[in-house]
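The values are calculated or read from the model by the stated rules, or taken from the named source; none is laboratory data. Predicted model, so just to flag it, every value in this text is computed and none were measured. With ideal geometry, Cβ positions are generated from the backbone for all residues, glycine too; neighbour counts draw on all protein chains shown. Please note that ligands, DNA and RNA were not included when accessible areas were found on the heavy atoms of the full protein model with its side chains. Shrake-Rupley method; radii C 1.70, N 1.55, O 1.52, S 1.80 Å.
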Amino acid sequence: MLREMINRRAEFRPRGYNAAVRPAFYRMTTPLPPALEFLRCFERIAPILEQRFGTDLEEPQIELLGQAYNDGGSFAKHSDADAGGPNWQRRLSGVYYVHTQPKKFDGGGLAVYDRRGRMYVVEPDHNSALFFPRDLVHEVLPVACKSRAFEDSRFAVNVWIS
């Protein structure tokens with residue numbers, strides 16, 4: 001997936017701007033097709049997700065969208081349920097992290113907030129994923145990427161499951 005996102009660089013568009021007048025992040029304009037390997041991994045973890053979140057994932061609709069966070073990039077506190085549009089159909093949200101090895105950025109943790117507002121930070125480790133209820137408040141903490149090269153970004157694949 002990382003190779004595909006880097007090869008499709010022209011499809012990423014800036015979203016929002018930070019105080020340094022740099023894009024907050026870049027998002028692909030079209031969804032990624034779920035690769036066979038991704039679907040096989042999802043089939044293996046679906047029973048765990050069903051049990052943990054109390055939802056039926058027998059015939060899930062999976063939407064994947066690539067994002068890249070470069071120097072100064074971040075994403076403000078939000079929940080995926082608040083965004084409107086097709087989001088009301090989504091049951092679970094997830095993030096799949098990929099990046100070049102060795103990692104060429106710092107920061108970029110995903111801060112998730114429990115119902116009491118306590119923050120927990122999940123580091124963007126390569127080839128790892130995190131799933132959570134669509135209404136969980138979360139944010140991407142600032143990224144530092146000295147090279148500013150696109151291929152050195154903190155890449156994430158948003159995973160939305162309806």
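At 1.4 Å probe radius, can you tell me the per residue accessible area of segment 92-162 in Å²? Mind dumping the intermediate values first?
Numbers: 3260 Å² over 71 residues.
Each residue of segment 92-162 exposes 46 Å² on average to a 1.4 Å probe.
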Next item on the list: Pull out a ≥ b ≥ c, the square roots of the eigenvalues of the alpha-carbon gyration tensor of segment 1-115, then state rounded if a/c is under 1.5, prolate if not and a/b is larger than b/c, and oblate in the remaining case.
Entry: prolate
Notebook entry, point to check: Can you give the Kirkwood hydrodynamic radius for segment 105-156, in Å, rounded to one decimal and based on Cα pairs?
Noted result: 12.2
Notebook entry, point to check: How many nm separate the modelled label positions at Glu59 and Ala149, each set 7 Å beyond the Cα in the direction of the Cβ?
Noted result: 4.7
Check: For Lys104, which aspartates and glutamates qualify as cross-link partners when the Cα separation must be under 13 Å and same-chain residues fewer than eight apart are set aside?
Finding: Asp71, Asp125, Glu151, Asp152
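Dividing the convex hull volume of the alpha carbon atoms of segment 13-76 by its residue count, what do you get in Å³ per residue? Can you show the working numbers first?
On the way: hull volume 7.7 nm³, N = 64.
Enclosed volume per residue, from the Cα hull, is 121 Å³.
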Check: What Kirkwood hydrodynamic radius, in Å, does segment 56-162 give when the mean of 1/r is taken over all pairs of distinct Cα atoms and then inverted?
Finding: 14.3
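Once you have the Cα-Cα distance between Glu4 and Ile48, take 0.36 nm times their residue separation minus that, and quote the gain in nm to one decimal. Walk me through the numbers on the way to the answer.
Numbers: separation 44, 0.36 × 44 = 15.84 nm, distance 2.79 nm.
Length difference between fully extended and current span is 13.0 nm.
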